[in-house]
Amino acid sequence: MNDQVKVAAIAQKSDAADQGLLGIIGAVMLGAVLLFSAGFAQATVMHDSSHDMRHAMAFPCH
Amino acid sequence: MLKHILTSAVFAGIVAGLFAAIINLWAVIPMVMEGELYESGERTHFAVDGSPQSDAGSPSILEDPARHIMPAAFSVVVFTGYAFFLVAAFALAERYGHKTTVRSGVIWGLCGFIAFQLAPAMGMPPQLPATPGPEVVPRQLWWAMTVIFTASALGLIAFGRGVLPIAVAVVLLFAPHIIGAPRLDTYFGFAAPELAAHFAGASLAATALTWTTLGLCCAWFWTKLKQD
């Protein structure tokens, strides 16, 4: 019984750790998507509408 | 965990992005518009008589208020993206026992400024619209390499133990600049050098201010939303 509880606790702990890490990786990927679309995407409509901000923030954009 | 990161980052990104939009409109965008006068040829430096002088003065941002809406929206998007990186870094640091406080958030923000703005500016300074440059893709790759190397180096300096992490950090800090950013072998700029220099300085100062604000806001929302 005690062993089962221990196993369950360990499983839960590693689940929580993995979820934490997945959350961090997910956040970094989301950040990269936002950064790419606003700062780097070459499509004319994206470039023109973000133009002044890209210059002000020194993105290498054109 | 993801929800805590997302909510903190989105709130902080909106506040810092709007702050950036206001600072840029006040201190940086007028110079972008002035640079466009040289780009379009409306203003010429070294005019026909060979004289280097040209009129100084930026167009008013009120001339065409609508043009500033989309860049402001994009500045919220960019700073929300940066906020995701910062808050993810808070979460990663906390896994190793380094608690984030509002004060340490300011340091995180300044490190973000160093990694994302100051280090890339050494090879590719902020440039006015009237500045031709080399191919865009190699410049973007150099920018990404410089940001990743510099951020990793700062992480090693902050959290590493012993001499080895510091040694690796020094290599990472210098490598992009020894490799060197893509450059043209000719100067093509049309705009007055005073304007270009003022623009580069103002752009860096504005991003320093905004990154500090972003670090502060990220840490504030991160600690606040955790308690609730």
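Details
- B:THR146 being modelled with pLDDT of 95 or more and under 30 Å from B:PRO30 (Cβ atoms): yes
- If the condition is being without any contact (Cβ under 8 Å) to a residue 60 or more places away in the chain and either buried (at least 23 other Cβ atoms within 10 Å of the Cβ) or not charged (D, E, K, R) (or both), then the range B:188-228 contributes B:PHE188, B:PRO193, B:ALA197, B:GLY201, B:GLN227.
- Flag if B:MET33 is touching an Asp or Glu at 6+ places or on another chain (Cβ under 9 Å), free of Cβ contacts under 8 Å to residues at least 12 places away in the same chain and either part of a helix (DSSP H, G or I) or under 22 Å from A:MET29 (Cβ atoms) (or both): no
- When the helices (runs of 4 or more DSSP H) confined to the range B:110-228 are screened for residues that are outside the structural domain of B:PHE79 (by TED's automatic domain parsing) and closer than 26 Å to B:GLU94 by Cα, those reaching at least 1 such residues are found at B:136-159, B:163-179.
- Just one of (1) at the interface with another protein chain (Cβ under 9 Å from one of its Cβ atoms); (2) in contact with a Gly (Cβ under 6 Å, 6 or more places away or on another chain) fails for B:TRP108. It is (1).
- The residues of the range B:36-54 that are assigned to a loop (DSSP other than H, G, I, E, B) and surrounded by 11 or more Cβ atoms within 10 Å (Cβ to Cβ), listed by number, are B:ARG43, B:THR44, B:HIS45, B:PHE46, B:ALA47, B:SER54.
- Filter result for B:ILE69 (open to solvent by 50 Å² or more (accessible area, probe 1.4 Å) and away from chain A (no Cβ under 11 Å)): no
- Given (1) open to solvent by less than 30 Å² (accessible area, probe 1.4 Å); (2) touching a Leu at 6+ places or on another chain (Cβ under 7 Å); (3) within 9 Å of chain A (Cβ to nearest Cβ), index of the condition B:VAL77 fails: (1)
- When residues of the range B:156-176 are limited to those that are touching a Pro at 6+ places or on another chain (Cβ under 9 Å) and open to solvent by less than 60 Å² (accessible area, probe 1.4 Å), the one nearest to the other protein chains (Cβ to nearest Cβ): B:PRO176
- Qualifying residue in the range A:26-35 (condition: modelled with pLDDT of 85 or more and more than 8 Å from every other protein chain (Cβ to nearest Cβ)): yes
- The range B:1-28, residues that are modelled with pLDDT under 95 and crowded, with 24+ Cβ neighbours inside 10 Å: B:ILE5
The values are calculated or read from the model by the stated rules, or taken from the named source; none is laboratory data. Worth saying up front: this structure is predicted, and the values here are computed from it rather than measured. Cβ: placed from backbone, ideal geometry, glycine included. Neighbour counts: every protein chain shown. Surface areas here come from the heavy atoms of the whole protein model, side chains and all, with no ligands, DNA or RNA. Shrake-Rupley method; radii C 1.70, N 1.55, O 1.52, S 1.80 Å.
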